[in-house]
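The values are calculated or read from the model by the stated rules, or taken from the named source; none is laboratory data. From a predicted model like this one, the values you see are computed outputs, not experimental measurements. With ideal geometry, Cβ positions are generated from the backbone for all residues, glycine too; neighbour counts draw on all protein chains shown. When the accessible area is computed, the model is the full protein with side chains, heavy atoms only, and any ligands, DNA or RNA have been set aside. Shrake-Rupley method; radii C 1.70, N 1.55, O 1.52, S 1.80 Å.
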Amino acid sequence: MNDDQQTINQDNSNLQPKTESNFNNSSNSTSTENSQSTNNTSVIQIEVPRSEINNTEQPSQDDAEKPVADESSQAEQNKLTEQLAKINKLAKEKAIQEKANSMGMNYIDIAVTPINPDLLKILTPEVAKTNLILPFYRLGKKLRVTVAHPTHPGTREVINQLKQQGYLINVNLSSDDGILQALKLYETDQYIVKKEIDTHVNEAKIKAFEKELEELSNLGNKLSNVNSEEAVYLINVGALKSGSSDIHIETEEHFVRVRFRIDGLLHEVFRINKDTWVNIGNQLKYQAKMKLNVNDIPQDGRFSFMVNNRKIDVRASVLPTEFGESFVMRLLDSSKHLVTFEELGYSGMYLDKIEKLSKLTHGMILMTGPTGSGKTTSLYTLLSKFNKPTSKIITLEDPIEYHLEGISQSPINERGGYNFASGLRSILRQDPDVVMIGEIRDLETAETSAQAALTGHVLLSTLHTNSAIETIPRLINIGLAQFMIAPSLHTIIAQRLARKICDNCKEEFPIAKAELEEITRVVDRIKQIRPNENIVIPTTLPKAKGCEICSNTGYKGRVALIEMLEIDFEIRDLILNKASTSKMIEAARRDGMITMREDGILKVIQGITNLEEVSRVTAVN
């Protein structure tokens, strides 16, 4: 054994852990312990005793608290390190900003700037990373890029190449750390695709595509030949041209299905492969200002696009599913003109009643029904009747779906604490005559609404119930007292939307025996309620075979099936006396109220819709 090895062994002998007897005797024999640890005190105290104590005996109180103290100290150190990193980053970004000012350039904090996924295709990852240059905004041929070293020969060469491609370049300055952070986008699905696609927007090409979309099935074929920005535009335009209210894009295991909600029902329009969808999905999230690198939690966003000088707002929702993300987009044409009550489907007694509501000076009017039943459209039409130069009208909406001149419209902001309840209290301090709130969701909103109706305001709102009469127990379940409901509530309107038979391809057919029996039974019941109503059952009813105008569905447009409950003195007393809903229905029927189904049968007789549609959207009583 050589001298070095002997020395190592001797050193190791000094590092032997203390035995249990050593520790038991340590308090009585301090000199012995000191003699054993003269040369290796730090090693023994830090490394050996702690592990051996855990294995041989219970630690003392001080030793038990020591790991907790170490963890707390480590957490504080980590926090301090993060704070120092933030301070250093801010200092560096400020220095770069000052450098940009001195060079006459714009400064861009590129690490937090949203970047259109299509722009990643302009430069390869290798060129961008080598020269620390990144395009981040494009409008036509105008391209904004940011660089870390504007005088670097490689950077200048890349800029010259972009100019040779026809781009008008605007050069901005960013920190190298910021650009490196932004360049990580190249490692995500925003860039990794199997199919190379053109990234130039061609307005003439888009217009040509619009003309070629004679059938929705052609739309799927077009998407594989355009870039993601054009693809999103074409999907939106295709949905708009077909009269869709919603676009549903669902990722399956091997394909992506696109469905449009037309006249209340979903129709599968086309399918696209998942490789093509990757870029389109990222483009949708980019336009809706969602987080592009997040795909495991739901996200909501908004964007808009222009068609024939019309601005179309889009509400987008993304939900993670088994095979990818599911997108749903609601199209909101804010420039769409308001329809009349007659166009909506109001007629006879109900038309007279709703026209009289526009002369109301105080009270609460509630529009009820499920999502997609046309509540908002009817509410806006009624609101427009109140819109006079002598009236102050304020709305609280989520979101604003129609822009009405002469009306103050306020969008709620749940994240900021501005909800229907708090917003309504603020609105009432604005001295309004008429107030509309998007929905009554809780007791606080219901109480404030009732108070507003009792203090000289007209209040319009919506509620999710299946029928007009069910609104009263629904308000009670929310927590609103009967003595508040009875005097504040004026009218409840419930409605559903049934598809209208296509006028272009409908033909008259003799009425079937089963249809005649059903119609006769309902008409007899209506005549008992409204004896003065003249109802004639026809011998034929229209049916549609389908055409290009109705996308071969046989239906085009929708009509409202309505029931209207006016809170008169009799019903008010029933509410105060906590009577059953059946008693209230009897009182309403004596006043001439017909149900949504009965109103639907009247529209079947008029040839507007058919029995299948009425049965689909209403409950059989």
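Just how far, in whole angstrom, is segment 431-449 from segment 474-547 if you go by their alpha carbon centroids?
Cα centres, segment 474-547 to segment 431-449: 29 Å.
Which of the peptides 479-488, 170-179, 510-519 is most tightly packed, and how do the rest follow, judged by the mean count of other Cβ atoms within 10 Å per residue?
170-179, 479-488, 510-519
Which number do you get for Rg(Cα) / (2.2 N^0.38 Å) in segment 64-185?
1.39
With the Cα gyration tensor of segment 247-406 in hand, give its eigenvalues times 5 under a square root as the equivalent ellipsoid semi-axes, listed largest first in whole angstrom.
Working: eigenvalues 289, 61, 39 Å².
One finds semi-axes of 38, 17, 14 Å for segment 247-406.
Sketch the reach of a paramagnetic label on Asn273 as a point 7 Å from Cα along Cα-to-Cβ, and name the residues of segment 216-246 whose backbone nitrogen lies under 12 Å away.
Taking a point 7 Å out along Cα→Cβ of Asn273, the residues of segment 216-246 whose backbone N falls under 12 Å are 224-225.
Tell me, what is the FRET efficiency for Ala95 and Lys184 to the nearest 0.05, using R0 = 22 angstrom and their Cβ-Cβ distance as r?
Rounded to the nearest 0.05, the efficiency is 0.45.
Here are some pairs, Lys336/Lys545; Lys285/Lys375; Lys222/Lys274; which of them have Cα atoms lying more than 23 Å apart in this structure?
Working: Lys336/Lys545 29 Å; Lys285/Lys375 29 Å; Lys222/Lys274 15 Å.
Too far apart for the 23 Å limit: Lys336/Lys545; Lys285/Lys375.
Using the scaling law 2.2 N^0.38 Å as the reference, what is the normalised Cα Rg of segment 460-574? List each step's numbers first, then the result.
Values: Rg = 19.7 Å, N = 115, 2.2 N^0.38 = 13.4 Å.
Here the answer is 1.47, to two decimals.
Under the 0.36 nm per residue contour assumption, what length would be gained going from the current alpha-carbon distance of Leu139 and Arg590 to full extension?
Extending this stretch completely gives an extra 155.8 nm.
What's the extension gain from Asp300 to Tyr418 if we count 0.36 nm per residue and subtract their Cα-Cα distance?
40.7 nm is the gain from fully extending Asp300 to Tyr418.
I'd like to check one number: the per residue accessible area of segment 366-428, probe 1.4 Å, reported in Å² as a whole number.
Ligands and nucleic acids excluded, the figure is 42 Å² per residue.
Using the Karplus curve 6.51 cos²θ - 1.76 cosθ + 1.60 with θ = phi - 60°, work out ³J(HN,Hα) for each residue of segment 238-248 in order, rounded to whole Hz, and write x for Gly and Pro.
Rounded to whole hertz, the list is x, 5, 5, 5, 8, x, 6, 9, 9, 10, 10.
Could you check the spin-label model distance between Leu516 and Gln165? Points 7 Å from the Cα along Cα→Cβ, value in nm.
It is 7.3 nm.
Taking 0.36 nm per residue of separation and subtracting the Cα-Cα distance, what length does fully extending Asn308 through Asn577 add?
Here the answer is 91.1 nm.
Show the residues, 5+ positions off or on another chain, whose built amide H is closer than 5 Å to the amide H of Lys392.
Asp433, Val434
Compute the FRET efficiency between Ser615 and Asp503 as 1/(1 + (r/R0)^6), taking r as their Cβ-Cβ distance and R0 = 22 Å, and round to the nearest 0.05.
Rounded to the nearest 0.05, the efficiency is 0.50.
How much FRET efficiency would the formula 1/(1 + (r/R0)^6) give for Ile529 and Lys356, where r is the Cβ-Cβ distance and R0 is 30 Å, rounded to 0.05?
Values: r = 20 Å, r/R0 = 0.65.
E(calc), rounded to 0.05, equals 0.95.
Run the accessible area of segment 422-532 with a 1.4 Å probe and give the carbon-and-sulfur part as a rounded percent.
Here it works out to 47 percent.
Under 20 °C and 1.002 mPa s, how fast does segment 410-505 diffuse according to Stokes-Einstein, given a Kirkwood radius computed over C-alpha pairs? Answer in µm²/s, whole number.
My calculation gives 145 µm²/s for D.
What trypsin sites (Lys or Arg not before Pro) does segment 127-191 have in DSSP loop regions with at most 15 other beta carbons within 10 Å?
Taking segment 127-191 and a limit of 15 other Cβ atoms within 10 Å, the loop trypsin sites (Lys or Arg not before Pro) found are Lys141.
Suppose all protein chains stay in the model; what accessible area per residue would a 1.4 Å probe give for segment 492-592, in Å²? Please report the intermediate quantities before stating the final value.
On the way: 5630 Å² over 101 residues.
Counting only protein heavy atoms, the per-residue value for segment 492-592 is 56 Å².
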